[in-house]
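The values are calculated or read from the model by the stated rules, or taken from the named source; none is laboratory data. Note that this is a predicted model, so its numbers are computed, not measured. Backbone-built Cβ (ideal geometry, glycine too); neighbour counts: all protein chains shown. Heads up: the accessible areas ignore ligands, DNA and RNA and are worked out on the full protein's heavy atoms, side chains in. Shrake-Rupley method; radii C 1.70, N 1.55, O 1.52, S 1.80 Å.
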Amino acid sequence: MQTLELLKNAAEFSVKGPLQSIKFSIGGLDVTISESIVVQWLVIIILAVVFFILGRNLKLKPTSRRQMAAEYIVGFFRNMVNDTMGVKYKKYTVYIGALFCMSLVSSLMGLLGLRAPTSDLSVVATWGVITFILTQRNKVKTGGVKGFFKGFIEPMPFMLPFNIIGEIANPVSQSLRHFANILAGSVVGGLVYFALGQVAGGLASIGVPAILSLYFDLFSSFIQAYIFCTLTMAYVSMAECD
Amino acid sequence: MDNLSQAIVLGASAIGAGLAMIAGLGPGIGEGICGSKAVEAIGRQPEASGAITRTMIIGDALAETTGLYSLVIALLLMFANPFIGQL
């Protein structure tokens with residue numbers, strides 16, 4: 001009987017896209033400020049404040065705990081880029097670090113009860129497009145325009161369509177993976193919170209969600225940020241023409 | 001009549017969502033293989049456990065992708081059904 005009640009209530013559960021309340025147009029171009037963008041502004045402010053505080057009065061020999069943390073973070077990204085891409089791609093450290101922090105903090109926004117911007121495909125797809133542009137740029141830079149076009153007919157000319165599809169599939173799969181992982185976390189989390197609220201008069205919703213959050217929010221967010229950055233680095237460094 | 005066709009579409013979509021999630025089998029097997037090989041590798045070479053774990057997690061994430069595609073399809077069918085509008 002209770003199960004039936006639960007199932008009946010479960011019909012009310014639904015997944016909604018991000019709110020799109022602010023709409024205006026500039027010169028005939030429709031602009032929508034969605035919930036994801038507003039939350040991303042919040043993420044940018046958080047990151048800016050945190051890194052501003054971390055980067056103030058640095059000394060040659062670290063004495064404060066604050067500088068230790070800052071050096072650990074910088075070292076983490078530097079090692080990541082050096083291990084995956086090699087030392088000659090050192091300048092990508094800045095972009096990879098920014099991407100990682102943005103992705104991680106955006107996904108963690110779900111913990112605060114906000115809608116995580118990364119569970120919106122348009123946010124993650126933007127990062128995928130940036131990776132795509134960086135990849136193509138690196139191809140042109142290392143092989144020239146001739147090498148860029150020659151790369152599409154290698155190893156055989158009839159491979160041309162497959163190579164083009166392969167190029168486009170990279171950013172699509174990369175961004176869909178990140179998006180679907182975070183979305184799956186929030187959907188499963190929402191379903192479980194909903195179900196826990198129904199049993200034992202809502203008492204079960206104290207404490208139990210914390211264990212789920214540990215996996216779906218903390219672990220999954222970190223892993224997805226890490227994988228997105230690793231794949232970006234791999235695509236960019238593999239695009240090198242010889 | 002209209003009610004009936006709507007009911008058919010809704011029921012078929014629910015079945016479709018369930019069928020789509022069968023794709024969860026593939027990533028499950030793939031990640032299992034990935035994990036077992038990583039354990040073997042760490043057993044053989046414990047000092048490389050850091051690098052092995054890192055590689056394993058990336059492999060896991062890549063194997064997971066097809067499952068997530070099916071999840072996207074299932075979620076579309078359940079919460080943003082494209083077929084209801086075409087009735």
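A few remarks follow.
- Verdict on B:R44 being within 14 Å of another protein chain (Cβ to nearest Cβ) and basic (K, R): no
- Members of region A:155-167 found to be open to solvent by 50 Å² or more (accessible area, probe 1.4 Å) and in contact (Cβ under 8 Å) with a residue 12 or more places away in the chain, listed by number: A:I164
- Qualifying positions in region A:66-93 - open to solvent by 30 Å² or more (accessible area, probe 1.4 Å) and closer than 15 Å to A:L54 by Cβ: A:R66, A:M68, A:A69, A:E71, A:Y72, A:I73, A:V74, A:F76
- Selected residue (criterion: farthest from A:E240 (Cα to Cα)) from residues of region A:127-154 that are within 28 Å of the chain's Cα centre (by Cα) and open to solvent by 70 Å² or more (accessible area, probe 1.4 Å): A:V129
- When A:V50 is tested against (1) closer than 30 Å to A:S119 by Cβ; (2) open to solvent by 100 Å² or more (accessible area, probe 1.4 Å), only condition (2) is not met.
- Of A:I44, A:I53, A:I73, A:I37, all but one fail to be under 20 Å from B:R54 (Cβ atoms) and either among the aliphatic types (A, V, I, L, M) or free of Cβ contacts under 8 Å to residues at least 24 places away in the same chain (or both); the exception is A:I73.
- Flag: A:A180 does not match the condition of being within 14 Å of chain B (Cβ to nearest Cβ), on the phi < 0 side of the Ramachandran plot, exposed (fewer than 13 other Cβ atoms within 10 Å of the Cβ) and modelled with pLDDT of 85 or more.
- Restricting the first member to region B:60-87 and to residues that are facing another protein chain (nearest Cβ under 7 Å) and in contact (Cβ under 8 Å) with a residue 12 or more places away in the chain, and the second to residues that are open to solvent by 60 Å² or more (accessible area, probe 1.4 Å) and of a type outside the set (K, R), the beta-carbon pairs closer than 9 Å and six or more apart or on different chains are B:L71/B:M21.
- Enumeration of residues in region A:149-173 that are assigned to a helix (DSSP H, G or I) and either within 9 Å of chain B (Cβ to nearest Cβ) or charged (D, E, K, R) (or both): A:K150, A:E167, A:S173
- Scanning region A:102-126 for residues that are in a helix (DSSP H, G or I) and open to solvent by 20 Å² or more (accessible area, probe 1.4 Å) gives A:M102, A:L104, A:V105, A:L108, A:G110, A:L111, A:L112, A:L121, A:S122, A:A125, A:T126.
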